[in-house]
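S.K.: Here's a structure for you.
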Amino acid sequence: MKKNIPNIITSCNLISGCIATCFAFQGRASLALLFIVVGAVFDFFDGMSARLLKVSSPIGKELDSLADDITFGMAPSTMLFFHLSTADYPSMLEPFRDVLPYTAYIMAAFSALRLAKFNLDERQTLGFIGMPTPANALFWASLLVSMPALFDGSWGTLSVILLMLLCSWLLVSEIPMFALKFKHWGINDRGNLLKYGFLIFSLMSIIIGKVAAIPVIIVVYVLLSAMLTLFHIPVSGSSE
């Protein structure tokens with residue numbers, strides 16, 4: 001039984017992603033976001049339980065990627081699909097109204113590619129190369145829940161498609177991004193100081209801005225990671 005506990009938790013992540021996808025098809029974005037967050041919690045604890053119980057396995061690793069692509073790839077892509085299905089289109093895009101909503105699933109495909117690369121890329125044992133799929137999913141889900149008016153108007157539709165393509169590229173980009181798992185708790189370590197600071201910033205932002213703060217936090221995370229790379233500042237990390 002002990003060796004199956006992490007896989008059971010991973011399966012709960014997958015089920016949460018399926019439920020989120022169903023709510024997304026119904027246009028119930030808040031509930032879709034809720035189950036994406038629930039899936040993220042299960043995703044956090046499946047790896048932790050595997051390490052604590054010392055029962056990690058190749059099957060668990062593959063199952064984890066499959067679950068993540070449902071929860072962090074399919075579910076947010078379906079939220080975007082619903083948005084594009086009901087949005088206004090500029091006149092030049094109106095002939096493509098029946099086709100363009102399906103472009104949302106490009107993001108699900110890139111999420112799968114990002115997860116496959118992560119499983120094989122030995123450089124990502126201490127951090128991330130490219131944006132983690134949970135970060136991308138939380139960005140889109142919270143953005144569509146809290147700021148749907150941001151993409152109102154005919155040209156807003158084109159903007160959201162271009163932003164989706166940018167995020168798809170970030171998923172498989174070569175930009176190193178720091179992880180938030182601690183190997184030790186000391187604040188003298190430069191990497192820990194950055195992570196503590198980012199966590200405090202994130203917590204304060206959510207207290208003040210609630211769901212609307214989440215997209216801002218993800219944008220800050222990506223920009224901060226890019227700046228650290230630009231200035232050649234190493235920060236230790238962990239696995240996805």
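The values are calculated or read from the model by the stated rules, or taken from the named source; none is laboratory data. Bear in mind the structure is a predicted one, so any value in this text is a computation, not a measurement. Cβ atoms come from the backbone with ideal geometry, glycine included; neighbour counts cover every protein chain shown. With ligands, DNA and RNA removed, areas are computed over all heavy atoms of the protein, side chains included. Shrake-Rupley method; radii C 1.70, N 1.55, O 1.52, S 1.80 Å.
S.K.: List the residues whose amide H sits under 5 Å from the amide H of D88, counting only those 5 or more places along or on another chain, with H placed 1.01 Å from N in the peptide plane.
M.R.: Sorted by chain and number, the residues that satisfy this are G153.
S.K.: So, taking all protein chains as they sit and a 1.4 Å probe, how much accessible area belongs to K3, in Å² rounded to tens?
M.R.: K3 has an accessible surface of roughly 140 Å² with all protein chains in place.
S.K.: In addition: With a 1.4 Å probe and all protein chains left in place, how much accessible area per residue does the chain have, in Å²?
M.R.: Using a 1.4 Å probe on heavy atoms only, each residue of the chain averages 51 Å².
S.K.: Quick one: net charge of A20's neighbours, Cβ under 15 Å, K/R +1, D/E -1?
M.R.: That sum, taken over residues with Cβ under 15 Å, equals -2.
S.K.: Would you kindly state how much longer the chain becomes between E62 and F201 on full extension, computed as 0.36 nm times their sequence separation minus their alpha carbon distance, in nm to one decimal?
M.R.: 46.7 nm
S.K.: On to the next question. Counting Lys and Arg as +1 and Asp and Glu as -1, each charge on the Cβ, what is the dipole of the chain about the Cα centre in debye, to the nearest 20?
M.R.: Dipole about the Cα centre, nearest 20: 780 debye.
S.K.: For L113 and S85, FRET efficiency with R0 = 35 Å and r from the beta-carbon atoms, rounded to 0.05?
M.R.: Step by step, r from the Cβ atoms, then E = 0.90.
S.K.: With point charges of +1 on the Cβ of Lys and Arg and -1 on the Cβ of Asp and Glu, referenced to the Cα centre of the chain, which listed residue (I207, P6, I161) lies farthest in the positive direction of the dipole?
M.R.: P6
S.K.: Report the accessible area of E174, computed with a 1.4 Å probe over the heavy atoms of all protein chains in place, in Å² rounded to the nearest 10.
M.R.: 110 Å²
S.K.: Taking the simple approach of a point 7 Å from Cα along Cα-to-Cβ for both T229 and C22, what is their distance in nm?
M.R.: Distance between label points: 3.9 nm.
S.K.: A further question follows. Please give the per residue volume of the convex hull enclosing the alpha carbon atoms of the chain, rounded to a whole number of Å³.
M.R.: Value for the chain: 125 Å³ per residue.
S.K.: At 1.4 Å probe size, with no ligands or nucleic acids counted, give the accessible surface of I200 in Å², nearest ten.
M.R.: 110 Å²
S.K.: May I pose another question? Probe radius 1.4 Å, ligands and nucleic acids ignored: give me the carbon and sulfur share of the accessible area of the chain as a rounded percent.
M.R.: Looking at the chain in its full context, I get 74 percent from C and S.
S.K.: Short version: ³J(HN,Hα) in whole Hz for each residue of region 79-87, in order, from phi by Karplus 6.51 cos²θ - 1.76 cosθ + 1.60 (θ = phi - 60°), x for Gly and Pro, what are they?
M.R.: 4, 5, 4, 5, 4, 5, 6, 10, 7
S.K.: How would you order 130-142, 104-116 from highest to lowest mean count of nearby Cβ atoms within 10 Å?
M.R.: Most protected by this proxy first, the peptides run 130-142, 104-116.
S.K.: Another one. What is the distance, in nm, between label points placed 7 Å from the Cα along the Cα-to-Cβ direction at R97 and at V220?
M.R.: Placing both labels 7 Å beyond Cα along the Cβ direction yields 4.0 nm.
S.K.: Could you give the nm distance between label points at L163 and L193, where each point is 7 Å from its Cα heading toward the beta carbon?
M.R.: Placing both labels 7 Å beyond Cα along the Cβ direction yields 3.4 nm.
S.K.: Also, I was wondering about something else. I'd like the Karplus ³J(HN,Hα) series for region 136-149: coefficients 6.51, -1.76, 1.60, θ = phi - 60°, whole numbers in Hz, and an x wherever there's a Gly or Pro.
M.R.: With the stated coefficients, region 136-149 comes to 5, 5, 5, 4, 6, 5, 5, 5, 6, 7, 8, 9, x, 5 Hz.
S.K.: Further question: Using the Cα centre of the chain as origin and beta-carbon charges of +1 (Lys, Arg) and -1 (Asp, Glu), tell me which of L120, F198, I218 is placed farthest towards the positive end of the dipole.
M.R.: My answer, from the dipole projection, is F198.
S.K.: Also: What are the ³J(HN,Hα) values, in whole Hz, obtained from phi via the Karplus relation 6.51 cos²θ - 1.76 cosθ + 1.60 with θ = phi - 60°, for each residue of region 44-53 in sequence order, with x given for Gly and Pro?
M.R.: 5, 7, 5, x, 5, 5, 5, 5, 5, 8
S.K.: Too long at a 31 Å Cα-Cα cut-off: which of K61/K195; K3/K117; K117/K195?
M.R.: Pairs exceeding the cut-off: none.
S.K.: Semi-axes of region 1-135's equivalent ellipsoid from the Cα gyration tensor, sqrt of 5 times each eigenvalue, largest first, rounded to whole Å?
M.R.: 32, 17, 10
S.K.: Given the rule -39500 (n - 2.57) for each run of at least 4 DSSP H residues, summed and divided by the residues of the chain, what is its mean residue ellipticity at 222 nm, to the nearest 500 deg cm²/dmol?
M.R.: So the calculated ellipticity at 222 nm is -22000 deg cm²/dmol.
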